[in-house]
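Shown next, in structure tokens, is the structure this report addresses.
The values are calculated or read from the model by the stated rules, or taken from the named source; none is laboratory data. Model, not experiment: these values are computed from the prediction. Cβ placement follows ideal geometry from the backbone for every residue including glycine, while neighbour counts extend to all protein chains displayed. All accessible areas refer to the heavy atoms of the entire protein, side chains included, with ligands and DNA or RNA removed. Shrake-Rupley method; radii C 1.70, N 1.55, O 1.52, S 1.80 Å.
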Amino acid sequence: RMALDFRDRHIVVTGGTGALGAAVVGELLVGGATCHIPYYVEAEEKNFPHRTHPRVNLIAGGNIASQTVVSRIYDGVPKLWASIHLAGGFAMKPVAETDETELVSMLRTNLVTCFLCCAAAVRAIRRGGGNGGRIVNVSARPALEPRLGAGSAAYAASKAGVAALTQALAAEVVAEGILVNAVAPSIIDTPANRQAMPKADYALWPKVEEVADVICRLAATESRIMSGAVIPLYGRA
């Protein structure tokens, strides 16, 4: 198939140095994009396959749960076209054993980071001259099927927040040509997930390249009519 056309497009990718991030950034670069990637984990940056690419701008100290940090990242991007929010985390714990600190930590990791980046992205896209733009968030299967969040309710609630935010923001900015969507994957086939679940049937899990492909299509100029969608990406799981 034809590569999507991202020439002269500036795109922020949070969590871009992770397993899914590397696949997303790889596809964006093939399409000609310039990628701005805040990172927080030094080891991920060192192993990032696209770190020396001329159109990759890695931004250190990217704790995107901080409004100040988020503003600095987006203020540094000339003419933002799209913002893709892959950063997040997972915690497994029964509700009765989850304390307030752990709950707030999960909300900050998944919902607060996404909210702050969405807000900064909308402002940056508007500064770019009103030609519209794209925002893509990552929710999760338990956000759409909350019963699957048994044993990880704080995580499920934080990702449900991302799904609601996506739909509300989409309605807020669609008239400006800013299209906001999310994907809701089941467990993605990454080395970390295989390590965590050694007995699972990996063949059923969606692959990082497959999830990346959907994300990049949502971020593309060619995507003109979909907004407010939270797309289930479950593979055969």
TODO: Tell me which residues come under 5 Å, amide H to amide H, from ILE84 once H is placed; ignore anything under 5 positions away on its chain.
DONE: VAL12, VAL13, THR14, VAL136
- [ ] With a Förster radius of 30 Å, plug the Cβ-Cβ distance of THR52 and ALA150 into 1/(1 + (r/R0)^6) and report the FRET value to the nearest 0.05.
- [x] 0.10
Open item on the list: Give me the extension gain from ALA60 to ARG194: residue separation times 0.36 nm, minus the current Cα-Cα distance, reported in nm with one decimal.
Closed with: 45.4 nm
TODO: Would you please give the FRET efficiency between ARG7 and ARG127, computed as 1/(1 + (r/R0)^6) with r the Cβ-Cβ distance and R0 = 22 Å, to the nearest 0.05?
DONE: 0.60
Open item on the list: Is there a quick way to get the dipole size of the chain? I mean about its Cα centre, with the Cβ of Lys and Arg at +1 and of Asp and Glu at -1; what is the value in debye to the nearest 20?
Closed with: 420 debye
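Is the shape of the stretch 41-139 best called rounded, prolate or oblate, per the rule: a/c under 1.5 gives rounded, else a/b larger than b/c gives prolate, else oblate, with a ≥ b ≥ c the square roots of the Cα gyration tensor eigenvalues?
Oblate shape, in that a/c is at least 1.5 and b/c is the bigger or equal ratio.
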TODO: Take the alpha carbon atoms of the stretch 1-65, find their center, do the same for the stretch 90-143, and report the distance between the two centers in whole angstrom.
DONE: 18 Å
Task: Rg/Rg_globular for the chain, with Rg_globular taken as 2.2 N^0.38 Å and Rg from C-alpha atoms - done: 0.96
- [ ] Treating the angle as unsigned and between 0 and 90°, give the value, to the nearest 10°, between the Cα long axis of helix 113-127 and the longest Cα principal axis of the chain.
- [x] 10 degrees
Task: Amide H contacts of GLY62 (H built 1.01 Å from N, under 5 Å, at least 5 apart or other chain) - done: TYR39, TYR40
Task: Cα-based helix-to-principal-axis angle, 19-30 vs the chain, degrees rounded to 10 - done: 20 degrees
Task: Interchain or long-range residues, amide H under 5 Å from GLY32's placed H - done: PHE6
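Give, as a single signed number, the net charge of other residues whose beta carbon lies under 10 Å from the beta carbon of ALA23, with Lys and Arg counted +1 and Asp and Glu -1. Walk me through the numbers before you get to the answer.
Working: positive: LYS207; negative: GLU27, GLU209, GLU210, ASP213.
So the surrounding residues net to -3.
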Task: Reachable lysines from LYS159, criterion Cα separation under 19 angstrom, eight or more residues apart if same chain - done: LYS93
TODO: In nm, give the distance between the simple-model label positions of THR68 and ALA237, each being 7 Å from the Cα along the Cα-to-Cβ direction.
DONE: 3.7 nm
TODO: Would you mind computing, in nm to one decimal, how far apart the modelled labels at GLU97 and ALA175 are, each placed 7 Å from Cα along Cα→Cβ?
DONE: 5.0 nm
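Taking the Cβ of ARG126 as the center, what net charge do the other residues with Cβ under 15 Å away carry, scoring Lys and Arg +1 and Asp and Glu -1? Kindly include the intermediate steps, with their values, before the conclusion.
Numbers: positive: LYS79, ARG123, ARG127, ARG134; negative: ASP75, GLU172, GLU176.
With Lys, Arg at +1 and Asp, Glu at -1, the neighbours total +1.
Calculate, for the chain, the solvent-accessible area per residue in square angstrom, rolling a 1.4 angstrom probe over the heavy atoms of the protein chains. Don't skip to the answer; put the middle values down first.
On the way: 11400 Å² over 237 residues.
Result: 48 Å² per residue.
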TODO: Work out the FRET efficiency for LYS207 and GLU42 from their Cβ-Cβ distance, taking R0 = 25 Å, and round it to the nearest 0.05.
DONE: 0.40
- [ ] Taking the dipole about the Cα centre of the chain, with the C-beta of Lys and Arg at +1 and of Asp and Glu at -1, give me whichever of ALA175, ASN137, GLN195 is farthest to the positive side.
- [x] ALA175
